[in-house]
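What follows is a set of notes on a single structure, which appears directly below.
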Amino acid sequence: MQKDKMKGSSLINRILKLNFFMIKIAVILIAVASMMTFAWVSVRMGYHFYKMWHGAIHADFAHVMVNMVAVIDGYLLAVLLLMVACSLDELFFGTIDWLPEWLKVKDLKDLKHNLSSVLIIMLAVIFMEHLFAWRKPEATLMFAASVALVMIALVLYLRVKIIEDQRRETKP
């Protein structure tokens, strides 16, 4: 009986170790995805600079703004991926000394807080991109309402979490 229990425990330990290995692979792949996104967006930015420089006389300001906002959105996505990679690595494998203080996470709650904050900014940028493209006013209004609802939900989530944390800190 005891031997069977030890075999089951050993199997569970191997499965858990394999999961940690898979988390490490996920962290590496997310970090690579972040690097690739930074590179892709930088190339895109260079292309738009080139187009702006050579077509400055004929440039449509709204079109230029849409492209630049799209580039900003791409950089935000790269930052989001980097945040996830760093946070997961720190949560599962130890502290990363060189991380700025605002990016350090102690638990999944901190990670959710950071991700929610970046998502709010990304939604605002996506809406600006849609607004600058302005093709169908009704569709833009519906899109604005949808983005606003998601942003309100995220802000309320963050606010509730901050209030909960403050209450926990003040309790004796």
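Only the coordinates and a few stated rules stand behind these numbers; no lab work does. Small disclaimer: the values here were computed from a predicted structure and weren't measured. Don't worry about glycine lacking a Cβ; one is built from the backbone with ideal geometry, like all the others, and counts go over all protein chains shown.
What's the local net charge at Val32, with K and R +1, D and E -1, over the other residues with C-beta under 14 Å away?
0
Against the longest alpha carbon principal axis of the chain, how many degrees, from 0 to 90 and to the nearest 10, is the axis of helix 61-93 turned?
Around 10 degrees separate the two axes.
How large is ³J(HN,Hα), in whole Hz, for each residue of the stretch 106-112 in order, when computed from phi with the Karplus curve 6.51 cos²θ - 1.76 cosθ + 1.60 and θ = phi - 60°, using x for Gly and Pro?
The phi angles translate into 9, 7, 5, 4, 4, 4, 4 Hz.
Working from the pairwise distances between different alpha carbons, so that the mean of 1/r is found and then inverted, what is the stretch 31-170's Kirkwood radius in Å?
17.4 Å
Please report how far the C-alpha centroid of the stretch 100-121 lies from that of the stretch 125-172, rounded to the nearest whole angstrom.
So the two Cα centres are separated by 16 Å.
Per-residue ellipticity at 222 nm for the chain, helices alone: DSSP H runs ≥ 4 residues times -39500 (n - 2.57), over residue total, nearest 500 deg cm²/dmol?
-31000 deg cm²/dmol
Could you order peptides 100-109, 20-29 by the average number of other Cβ atoms within 10 Å of their residues, highest first?
Result, highest mean Cβ count within 10 Å first: 20-29, 100-109.
Please tell me the relative contact order of the chain in percent, rounded to the nearest whole number, where contacts are Cα pairs under 8 Å and at least six residues apart.
Answer for the chain is 23 percent.
Ranked from highest to lowest mean number of other Cβ atoms within 10 Å per residue, what is the order of the peptides 160-168, 31-39?
Highest mean packing first, the order is 31-39, 160-168.
Below 30 Å Cα-Cα, how many Lys pairs turn up in the chain? Only count pairs eight or more apart in sequence, or on different chains, if you could.
The number of close lysine pairs in the chain is 25.
Quick one: which of 143-152, 86-95, 10-19 comes out on top by average Cβ neighbours within 10 Å, and what's the full order, highest first?
Highest-to-lowest ranking by the protection proxy: 86-95, 143-152, 10-19.
So what J values fall out for the stretch 159-168 if you push phi through Karplus, 6.51 cos²θ - 1.76 cosθ + 1.60 with θ = phi - 60°, rounded to Hz, Gly and Pro as x?
Going residue by residue, I get 5, 4, 5, 5, 4, 4, 5, 5, 5, 5 Hz, with x marking Gly and Pro.
When only Cα pairs under 8 Å and 6 or more residues apart are kept, what is the percent relative contact order across the stretch 91-172?
28 percent
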